[in-house]
Structures are given as C-alpha cells and as structure tokens.
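Step one of this worksheet: look at the structure below.
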Amino acid sequence: MDPLSIGGVELNSRLLIGTGKFPSKQIIPKVINACETQIVTMALRRVDIGADEDNILEYIPKGCILLPNTSGARDADEAVRIARLARALGAGNWVKIEVISDNKYLLPDNQETIKATEILAKEGFKVLPYMSPDLMAAKRMVEAGAAAVMPLGAPIGTNRGIKTKELIRILIDEIEVPVIIDAGLGKPSDAAEAMEMGASAVLVNTAIATSADPVKMAQAFSLAVKAGRMGYLAKMGAKTRYAQASSPLTGFLFEGDK
Amino acid sequence: MSFYQYYLAHKDFDFNSFFSSITTTDIERILAKDKINAYDFLSLLSPQAEKHLESMAEKAQKLSLQHFGKAILLFTPMYIANHCINKCAYCGFNVGNRIKRKKLTAEEIEQEAKAIAATGLRHILFLTGESPAQSPVSYIAKAAGILKKHFHSVGIEIYPLTEQEYSQVIDAGVDSLTVYQEVYDEGIYDKVHLAGPKRNYSFRLDAPERACRAKIRSVNIGALLGLNEWCKEAFFTGLHADYLQNKYPDVAVSVSLPRIRPHAGTFQDIFPVNDKSLVQIMLALRIFLPYTGITISTRERQEYRDHLIPLGVTKMSAGVSTEVGGHSSEDKGEGQFEIADNRNVAKMKQAILAKGYQPVSKDWMSF
Ligand code: SF4
C-alpha cells in the first residue's frame with residue numbers, strides 16, 4: 001500500500017487502533033500484530049506508571065507509535081496538562097486531543113480542541129485532534145498546527161458507520177493534512193467505505209475490542225482498510241466527483257483550436 | 001429548579017394503574033427503540049417486563065459494550081470514622097447502637113492507604129458517619145489530601161455538604177462523590193430517619209447537584225433497596241441520574257444498587273428485592289441511561305456478582321472491609337453491615353477475567 005505521511009513520519013499502515021474496552025490487556029499485542037497497525041492510542045488516564053502488571057504500556061510492542069489521548073479532558077487547559085504529562089512520562093510527542101464535556105454522547109468540543117491544538121503544536125507535539133466534522137473548525141485546527149484531523153463517523157462506540165459522510169467528504173476535499181475517520185466504524189465494510197471515500201486512515205476501537213474474536217476482527221479491519229485504499233487509488237484517484245466524459249459535451253468549442 | 005420538583009411531579013403517580021396498562025406489545029415496542037423516555041423506563045420496571053428479561057439483557061449488554069467495552073473498574077471503600085449523630089433505622093452506625101466507635105488519625109489513614117494501594121487498587125472511596133464534631137469538613141479535606149498521595153482517584157461517601165464545602169474538599173483532592181438518597185419516598189424517608197440532621201430530606205436530595213455545581217468530576221447516586229417498593233425507588237433513581245446528566249453534562253453520573261444487608265440495627269420493615277428484580281432494575285437502567293455507570297458492591301454474593309458482570313456493571317468493589325481501619329489495623333471499629341463477597345482484589349480480578357472482561361485498577365487521574 002502507498003505510505004501515509006503524518007507530520008513527516010511515513011507509515012505503512014492506515015489503520016490506527018484504540019486500546020480501551022478490550023477483554024484483557026494480554027490480547028492487545030496479538031491484536032496489534034494481527035492488523036499490523038503502527039499507531040496505537042491509549043487513554044493516559046488508564047496508564048498506571050510503576051505498576052508493571054497493570055500498566056498498559058507493557059503490552060504495546062516497541063515499534064508502535066504511542067498516541068496518548070486526552071480522554072477525560074473537559075477543556076483545553078486540561079487537555080494541555082494531560083499531553084504535557086504524557087510527554088514527561090516518556091510517551092513521546094504524539095497526542096490525540098480529545099476534549100469532551102458531554103458525558104452522554106461523548107461529542108467533542110471543537111472550540112476547546114482548537115485552543116489545545118494551537119498550544120501543543122507550538123510546543124512541538126504532533127497533534128491529532130478528535131473533532132466533529134466541521135470544515136471551518138478543521139481549517140482552524142490545521143492553521144493551529146494539527147498534523148492530521150480526526151473527524152467522527154458517528155458518536156464513539158455506536159458502531160453506526162459513517163453517519164457524517166457528507167461533512168467528512170468536504171473535509172477530505174478541502175483539508176490538506178490527512179483526514180483520519182475516528183469513532184463510529186462498526187464493521188470492516190465501514191472502514192473500507194471510509195478508505196474508498198478517500199480518507200487517509202481510520203481509527204477503530206470498540207468494533208474490534210468488543211467483538212467475540214478481537215484478533216480476527218482486527219485482521220478483518222486491516223484487510224478492509226487495504227481493500228478500500230486500493231479501490232480509492234484504482235478508481236477514484238481524482239478528487240472531482242463529476243465524471244470526465246470521454247467525448248466531452250463542450251468539446252466542439254475547442255475544435256477550432258486544433 | 002432542583003430535582004425535588006421532578007420528585008413532586010411524580011410523587012402521587014399511580015404506579016399500579018400504569019403498570020396494569022402495560023402490555024407485552026408495549027415492552028416489545030420499547031425494546032425496539034433507540035432511545036427510551038422516562039415512561040418507557042418505568043414500563044421496563046413493570047411486572048409485565050419481567051417476562052422479557054432475556055431480551056432486556058441482550059439489549060443492555062449491547063449498550064454496555066458500546067459505551068464501556070469489556071472493562072470493569074475496581075475500587076474499594078475505606079471507612080475512616082464511624083461516629084454518627086443520626087438515627088437511621090437501617091444502619092449499624094446509628095447513634096442509638098452501642099458499637100465500638102473509632103476514628104482514624106492521619107497516621108492511621110496513611111497506613112490504611114498504603115495497605116490498600118499495595119493491592120494494586122488506584123481508586124478509593126472513603127467514608128465517615130455524620131459527626132460534625134468527630135469528622136468535620138476539615139478532617140475530610142485532610143484525609144483527602146493524604147489519600148491523594150496513594151490513589152489516582154479519591155471519592156467520598158459522607159454526609160451532605162454545602163456547595164462551598166464541596167469546593168473545599170474538591171480542592172483538597174476529592175474528585176468523586178457518592179451520596180445515596182436511601183429512599184426517595186419522602187414519607188418513608190421521614191419514618192426511617194428517626195433523629196439527626198439527616199432528617200432533612202431535600203438537603204440530602206440536592207447534595208449531588210451542589211457537588212456538580214462545585215465542579216466535581218463524578219457523582220454516584222442510589223436508593224437503599226429494601227426500604228420501599230423497588231420499582232418506585234428504581235424509577236426515581238433513574239430520573240435523578242437523568243436529571244443530573246442533562247443539567248451537568250460534563251459530570252460523569254453513575255448509580256449504585258445497594259440492597260439492604262444484615263447490620264447491627266433493628267429495622268425490620270423491609271420490602272424484599274429478590275435477585276431477579278435487582279437484575280431487572282439494572283437492565284432497565286442501562287437501557288434508559290446507556291452512558292451511566294453502574295456499581296455493584298460486595299453486599300451481593302460472589303456468584304451473583306459474577307453473573308452480573310456481562311449485563312451492564314461498570315464498577316465493582318473488591319477487598320472490602322466495612323470496619324474502620326479494617327485494612328491495616330488490629331484495633332478495628334465495628335462494621336456498618338455484613339458483606340457477602342469476601343474476595344480480595346487478586347481474586348476479584350481473576351473472576352472478572354474469567355468472565356471475559358478486563359479488570360481495570362485505574363481509569364482516572366487528576367491533572
Ligand atoms: S446511614 Fe449514615 S447517617 Fe445513618 S446512621 Fe448510618 S452512618 Fe449515620
């Protein structure tokens with residue numbers, strides 16, 4: 001597959017996975033191997049530094065890029081503090097900004113997310129903001145220094161698929177940094193659809209973690225992402241949505257030019 | 001407007017005729033919905049819904065997986081003082097009971113904290129009885145400060161405070177509050193709270209909301225099941241949780257379903273809640289409030305607790321002692337009630353793993 005570049009780092013996998021909601025931590029390395037993911041996100045609030053047995057970092061293979069998320073942050077300040085702590089604890093300089101002040105639907109607060117993005121990007125973090133797919137908000141995040149944007153396909157954990165399709169399509173067309181569809185992808189075909197639409201990558205957690213066989217499901221997602229990407233590259237390489245007729249309707253206008 | 005207005009609006013609700021109007025088709029229709037309303041929720045608490053427990057369980061399990069995944073957070077309560085000036089008919093700590101009273105000193109709290117932290121737990125809930133003289137807010141704040149050094153999340157289950165007092169303990173390190181209304185029925189509330197400041201129904205009812213205003217991170221509410229007909233108490237618990245979540249979306253709201261246990265008190269006038277009914281409550285709550293945490297304590301037997309894991313539980317206590325200083329001291333104060341699941345943290349973790357779920361010791365830290 002063609003490599004994906006995020007913040008200057010080249011990746012061969014376009015599937016990112018989350019580490020919450022799994023039946024055991026022991027299964028996480030198996031899932032990572034099965035789907036060959038290179039970026040793994042985890043809630044810093046779950047990391048129990050010092051407790052070997054309970055520390056999720058122990059279960060993430062060394063080659064993976066850690067993407068600590070700021071889950072639990074209710075505003076930009078909190079997100080910034082969590083990100084700094086993650087870096088201080090040795091989790092690297094990637095961070096997924098999650099600012100959620102609505103415990104019911106877990107919808108992100110774009111405005112606070114933009115603020116946190118700006119502060120952290122200036123501090124040298126590779127910032128990946130989780131967001132509601134809104135074009136202006138995404139543009140501001142990019143201006144603020146986001147290395148990618150992560151719009152939601154549907155609210156976290158709902159497995160409903162890409163309900164925000166029309167809005168995400170606009171982001172894919174208009175945003176210069178990679179667009180990673182995060183949240184809501186419930187089945188491999190949703191991931192394939194995301195990739196066919198031209199998303200740069202997808203992030204999956206619930207659908208893999210809560211399936212009856214997370215390892216097999218991870219593999220299925222990995223294949224779906226590859227298939228979707230190949231489809232996109234093969235069929236929909238150009239970003240225009242209007243067919244280019246082989247004999248253009250306005251061709252006669254230019255006949256005299258020949 | 002406080003939750004009291006919502007309580008009043010349903011206080012004289014005719015539960016019996018509502019229940020008698022519910023049909024099997026109603027329940028099926030409700031279970032097919034994406035989002036249910038308060039009356040749908042009440043319908044799921046009806047005798048008619050009892051026949052649909054399996055379908056309710058399937059739906060509840062699906063929603064729990066979506067929102068919480070296969071993870072169960074572990075915590076333990078820590079009793080730091082059992083002095084109490086209230087006379088609650090159902091509690092062993094009540095002022096009329098001649099039990100051994102004890103209050104931990106700062107050193108003892110530290111010692112107890114170390115003993116619990118050594119088991120791997122990172123979330124603690126500390127409890128006192130109500131005694132402004134023995135356990136004033138300053139004592140609570142001090143205890144929180146000590147516990148904060150050993151735990152990532154510090155909760156309190158103490159007497160209701162004012163908003164300003166909640167701010168004070170939050171500043172000292174408390175991030176979550178548990179306060180049970182005990183019984184939502186105001187008449188029964190009056191009957192079982194024989195003496196003491198706890199007799200003030202609305203001051204207790206509004207305590208979670210005052211804490212929300214003081215910017216607490218999470219609140220846990222509930223009714224002590226057994227003091228009134230369970231369907232009514234479960235209904236008000238659900239309404240209360242929904243009210244708080246809608247009004248304070250940035251606070252994580254959870255509910256507990258404690259059933260009354262044998263204790264050193266005298267209260268006999270119990271409305272029994274059997275195992276099946278407790279499951280029905282839990283499933284109905286999960287379907288009504290898919291995003292609300294549900295705690296099951298060691299008041300329940302171990303096999304029963306294990307069976308509840310896949311149905312919607314999100315938090316469980318482990319390694320519990322209801323005695324003051326019960327985790328580290330030889331000289332313990334007497335316990336609040338008898339516990340039914342004596343497993344330590346390691347055993348509890350194994351049991352959760354055996355059910356295909358991940359025991360989580362830490363899912364929060366303050367920054
Ligand atoms: S329930 Fe609480 S307030 Fe009532 S007697 Fe027991 S410790 Fe005191």
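Work out the length of the dipole vector of the stretch B:220-315 about its Cα centre, built from +1 on the beta-carbon of each Lys and Arg and -1 on the beta-carbon of each Asp and Glu, and round it to the nearest 20 debye. The partial results should precede the final answer.
Details: 10 positive and 9 negative charges, 22 e Å.
It comes to approximately 100 debye.
Taking the Cα centre of the stretch A:113-170 as origin and charging only Cβ (+1 Lys, Arg; -1 Asp, Glu), how large is the dipole, in debye to the nearest 20?
Using only the charged Cβ atoms, the result is roughly 180 debye.
Under a plain spin-label model, where a point goes 7 Å from the Cα along Cα-to-Cβ, how far apart in nm are B:Arg98 and B:Ala118?
Going from the B:Arg98 label point to the B:Ala118 one covers 3.6 nm.
Label the stretch A:1-83 by shape, choosing from rounded, prolate and oblate, from the square roots a ≥ b ≥ c of the eigenvalues of the Cα gyration tensor; if a/c is under 1.5 it is rounded, and otherwise prolate applies when a/b is larger than b/c, oblate when it is not.
Judged from the Cα gyration tensor, the stretch A:1-83 comes out oblate (a/c at least 1.5, b/c at or above a/b).
Once fully extended, how much extra length lies between B:Gln61 and B:Lys191, figured as 0.36 nm per residue of separation less the alpha-carbon to alpha-carbon distance?
So the chain would gain 43.0 nm between B:Gln61 and B:Lys191.
Tell me whether chain B comes out rounded, prolate or oblate; compute the Cα gyration tensor, take square roots of the eigenvalues as a ≥ b ≥ c, and use a/c under 1.5 as the rounded threshold.
prolate
Leaving out same-chain residues fewer than 8 places away, which aspartates and glutamates sit with a Cα under 13 Å from that of A:Lys226?
A:Asp2, A:Glu36, A:Asp190, A:Glu193, A:Glu196
Please get the size of the charge dipole for the stretch A:143-218, origin at its Cα centre, with Cβ charges of +1 on Lys and Arg and -1 on Asp and Glu, quoted in debye to the nearest 20. Present the calculation step by step, with values, prior to reporting the outcome.
Values: 6 positive and 10 negative charges, 79 e Å.
Dipole magnitude for the stretch A:143-218 comes out near 380 debye.
If a paramagnetic tag sat 7 Å from the Cα of B:Asp14 along the Cα-Cβ line, which residues of the stretch B:216-259 would have the backbone N under 18 Å from that point?
Output list for this probe position: B:232.
Considering only C-alpha atoms, what is the centroid distance from the stretch B:160-201 to the stretch A:127-172, in Å?
42 Å
Quote to one decimal, in nm, the extra length available between B:Ser21 and B:Arg199 on full extension: 0.36 nm per residue of separation minus the C-alpha distance between them.
Length difference between fully extended and current span is 60.5 nm.
Give me the distance between the Cα centres of the stretch B:5-36 and the stretch B:266-324, rounded to whole Å.
About 22 Å separates the Cα centre of the stretch B:5-36 from the one of the stretch B:266-324.
Can you give the accessible area buried between chains B and A, summed over both chains, with a 1.4 Å probe, in Å² to the nearest 100? Show your work: numbers first, answer last.
On the way: alone 14940 and 12660 Å², together 24850 Å².
Using a 1.4 Å probe, the pair buries roughly 2800 Å².
Just to confirm my numbers, what's the Cα centroid distance between the stretch B:45-117 and the stretch B:118-156 in Å?
15 Å
Straight distance only, please: which lysines reach the Cα of B:Lys215 with their own Cα at less than 25 Å, same-chain residues fewer than 8 apart left out?
A:Lys96, A:Lys104, A:Lys115, B:Lys142, B:Lys148, B:Lys149, B:Lys198, B:Lys247, B:Lys315, B:Lys362
Could you count how many Lys pairs in the stretch B:43-136 have their Cα atoms under 18 Å apart, skipping same-chain pairs fewer than 8 positions apart? Please report the intermediate quantities before stating the final value.
On the way: B:Lys51/B:Lys59; B:Lys59/B:Lys70; B:Lys62/B:Lys70; B:Lys87/B:Lys100; B:Lys87/B:Lys102; B:Lys103/B:Lys114.
Here the count comes out as 6.
Just subtract the alpha-carbon distance of B:Asp34 and B:Glu54 from 0.36 nm times their residue separation and send over the number in nm, one decimal.
5.4 nm
If I model a spin label as a point 7 Å beyond the Cα along the Cα-Cβ vector, how far apart are those points for A:Ile49 and A:Phe252 in nm?
Roughly 7.4 nm, to one decimal.
Measure off 7 Å from each Cα along the Cα-to-Cβ vector at B:Asn246 and A:Glu36, then give the distance between these two points in nanometres to one decimal.
Between B:Asn246 and A:Glu36, the label points sit 5.1 nm apart.
Among the aspartates and glutamates, select those whose C-alpha is under 19 Å from the C-alpha of A:Lys21, and discard any that sit fewer than 8 residues away in the same chain.
Result set, ordered by chain and number: A:Asp48, A:Glu53, A:Asp54, A:Glu58, A:Glu98, A:Asp182, A:Asp213, B:Glu58, B:Asp306, B:Asp363.
Which helices, taking whole DSSP H runs in chain A, have alpha carbons extending 20 angstrom or more along the helix axis plus mean Kyte-Doolittle at least -0.5?
Within chain A the helices that satisfy the rule are A:214-235.
Tell me what the protein assembly as shown gives for mean residue ellipticity at 222 nm when only DSSP H runs of n ≥ 4 count, each as -39,500 (n - 2.57), the sum divided by the residue total, rounded to 500 deg cm²/dmol.
The helix contribution divided over the protein assembly as shown gives -11500 deg cm²/dmol.
Please report the carbon-and-sulfur percent of the accessible area for the stretch B:219-258; probe 1.4 Å, protein heavy atoms only, DNA, RNA and ligands left out.
54 percent
The values are calculated or read from the model by the stated rules, or taken from the named source; none is laboratory data. What you see is a predicted model; the values in this text were computed from it and never measured. Every residue, glycine among them, receives a Cβ derived from its backbone with ideal geometry; neighbour counts consider all protein chains shown. Side chains are part of the model used for accessible areas, which takes the heavy atoms of the whole protein and leaves out ligands, DNA and RNA. Shrake-Rupley method; radii C 1.70, N 1.55, O 1.52, S 1.80 Å.
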